[in-house]
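Below is one structure, written out as structure tokens; comments come after it.
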Amino acid sequence: MNNVFVYCELDGKNVCDVSLELLTKGRKLANTLGVQLECICAGACIEGIEKQVMPFGVDRVHIFNDARLFPYTTQPHAALVCNLFREEKPQICLMGATVIGRDLGPRVSSELHSGLTADCTELEIGDFDMNVGFDENKKPITKHYTEQLYQIRPAFGGNIVATIVNPEHRPQMATVREGVMKKEVLDPNYKGEVIRHEVAKYVKDELFDVVKVLDRHVEKAKHNLKGAAIVVSGGYGMGSKEGFDMLFELAKELHAEVGASRAAVDAGFVDHDRQIGQTGVTVRPKVYIACGISGQIQHIAGMQDSGIIISINSDPNAPINTIADYVINGTVEEVIPKMIKYYKKNSK
């Protein structure tokens with residue numbers, strides 16, 4: 001009762017990285033609250049799936065193993081999560097801000113009359129006071145809430161950071177994009193309880209017939225921005241598609257991936273799947289080279305945890321320079337060709 005739950009999204013028989021990241025955060029939240037961490041794994045042929053999640057400190061794994069649960073369809077998964085939550089009464093539920101999480105989360109929160117904060121960048125436990133009315137003398141009545149989930153996310157186009165709380169309804173629900181939280185194994189030998197549920201108890205058979213997936217085609221990713229050790233990223237200051245050709249050449253020499261700011265993507269310099277930031281991908285490379293990027297808060301949100309940040313910018317007062325470890329003051333047309341020439345000459 002009142003534990004922290006994570007809905008684990010599955011890619012076939014494997015738990016997706018975003019869910020493992022949320023298990024890491026969920027373990028920390030559970031420790032702060034002094035409760036257990038539980039997770040839900042629902043899919044087909046997922047015997048032994050608990051071995052993938054328990055090293056992250058999961059105390060109880062709820063397994064729903066049924067051929068009809070893969071690939072994901074909305075109503076069966078929503079029904080089993082809602083009915084399980086009615087039994088277990090969690091105080092917190094975390095999901096990935098993926099295509100599946102953005103479909104499932106709102107349906108569960110609506111059915112359970114709970115709140116949901118989307119695309120959180122941080123989650124914390126804290127206390128706060130709130131005005132809940134006025135007494136007979138028209139003086140405000142303040143209520144003190146303890147151990148609430150602070151659901152933190154950028155708002156108003158990233159111009160402010162909002163802290164959202166849901167003191168009156170449970171579970172407190174939040175979705176988080178992949179890469180925002182850090183994935184860390186707690187103990188490879190961690191042992192929790194495994195609970196295998198009968199799907200028929202939670203999902204009516206007719207719900208499986210509402211939508212049927214006739215064919216499923218998954219394209220391979222064109223690149224691996226999230227897993228790259230080095231990212232060379234360009235902004236509007238690159239000037240054109242041709243300007244980005246320099247970045248691809250530099251990235252080839254560095255064995256890096258190429259990213260971009262939203263301004264560069266909106267200008268048509270590069271494809272959207274390379275966008276880094278609040279509305280794109282979150283990355284944590286060992287080295288991040290920002291070329292012609294001013295450094296709006298939306299972009300910084302997606303790369304600020306990089307190991308070393310190098311900024312190449314003609315504007316010495318560019319906001320990104322304030323978080324950069326090294327700043328090269330100059331135009332990209334001057335600096336990048338020199339870098340390419342150097343690495344071609346000195347790389348083996």
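The values are calculated or read from the model by the stated rules, or taken from the named source; none is laboratory data. Owing to the predicted nature of the structure, the values given are computational and were not obtained by experimental measurement. Note: ideal-geometry Cβ built from the backbone for every residue, glycine included; neighbour counts use all protein chains shown. Only protein heavy atoms, including side chains, enter the accessible area calculation; ligands, DNA and RNA are left aside. Shrake-Rupley method; radii C 1.70, N 1.55, O 1.52, S 1.80 Å.
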Q: Quickly run through the stretch 175-184 and pick out the residues that are surrounded by 13 or more Cβ atoms within 10 Å (Cβ to Cβ) and in a loop (DSSP other than H, G, I, E, B).
A: R177, E178, G179, V180, M181, K183, E184
Q) Given (1) open to solvent by 20 Å² or more (accessible area, probe 1.4 Å); (2) outside any helix (DSSP H, G or I), where does C41 come up short, assuming only one miss? A) (1)
Q: Would you mind listing the strands (runs of 3 or more DSSP E) fully within the stretch 75-161 where at least 3 residues are over 20 Å from G43 (Cβ atoms)?
A: 116-120, 122-134, 140-155
Q) Got at least one residue in the stretch 322-344 being open to solvent by 20 Å² or more (accessible area, probe 1.4 Å), more than 16 Å from the chain's Cα centre (by Cα), basic (K, R) and within 15 Å of S233 (Cβ to Cβ)? A) no
Q. Within the set of pairs 6+ apart or on separate chains, which have a first residue in the stretch 319-332 that is touching a residue at least 24 places away in the same chain (Cβ under 8 Å) and under 11 Å from I309 (Cα atoms), a second that is assigned to a loop (DSSP other than H, G, I, E, B) and open to solvent by less than 20 Å² (accessible area, probe 1.4 Å), and C-beta atoms under 6 Å apart?
A. I320/I293; I320/G295
Q.
Quick check on the stretch 44-57: of everything there that is at positive phi and in contact (Cβ under 8 Å) with a residue 24 or more places away in the chain, which residue is least open to solvent (accessible area, probe 1.4 Å)?
A. G57
**Q.** Candidate set: the stretch 302-318, residues that are in contact (Cβ under 8 Å) with a residue 24 or more places away in the chain and open to solvent by less than 30 Å² (accessible area, probe 1.4 Å); chosen: the one nearest to A251 (Cα to Cα)
**A.** I312
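Got a sec? Which of I152, I141 is loosely packed, with under 12 Cβ neighbours inside 10 Å and free of Cβ contacts under 8 Å to residues at least 40 places away in the same chain?
The unique qualifying residue is I141.
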Q. Taking the condition open to solvent by 50 Å² or more (accessible area, probe 1.4 Å), charged (D, E, K, R) and free of Cβ contacts under 8 Å to residues at least 12 places away in the same chain, does E111 pass?
A. no
Q. Applying the selection to the stretch 90-108, what residues are open to solvent by 10 Å² or more (accessible area, probe 1.4 Å), in contact (Cβ under 8 Å) with a residue 40 or more places away in the chain and within 14 Å of Q75 (Cα to Cα)?
A. I100, R102
Q. Of D273, D205, which residue is open to solvent by 80 Å² or more (accessible area, probe 1.4 Å) and out of contact with any Ser or Thr (no Cβ under 8 Å at 6 or more places or on another chain)?
A. D205
Q. When the residues of the stretch 248-267 are filtered to those that are in a helix (DSSP H, G or I) and in contact with a helix residue (DSSP H, G or I) (Cβ under 7 Å, 6 or more places away or on another chain), which remaining residue is surrounded by the fewest Cβ atoms within 10 Å (Cβ to Cβ)?
A. E253
(Q) Please go through the stretch 155-175 and give me each residue that is without any contact (Cβ under 8 Å) to a residue 12 or more places away in the chain and more than 14 Å from E124 (Cβ to Cβ), ordered by number. (A) A155, F156, I160, E168
Q. For H62, all conditions in the list (1) assigned to a helix (DSSP H, G or I); (2) surrounded by 21 or more Cβ atoms within 10 Å (Cβ to Cβ) hold save one; what is the number of the exception?
A. (1)
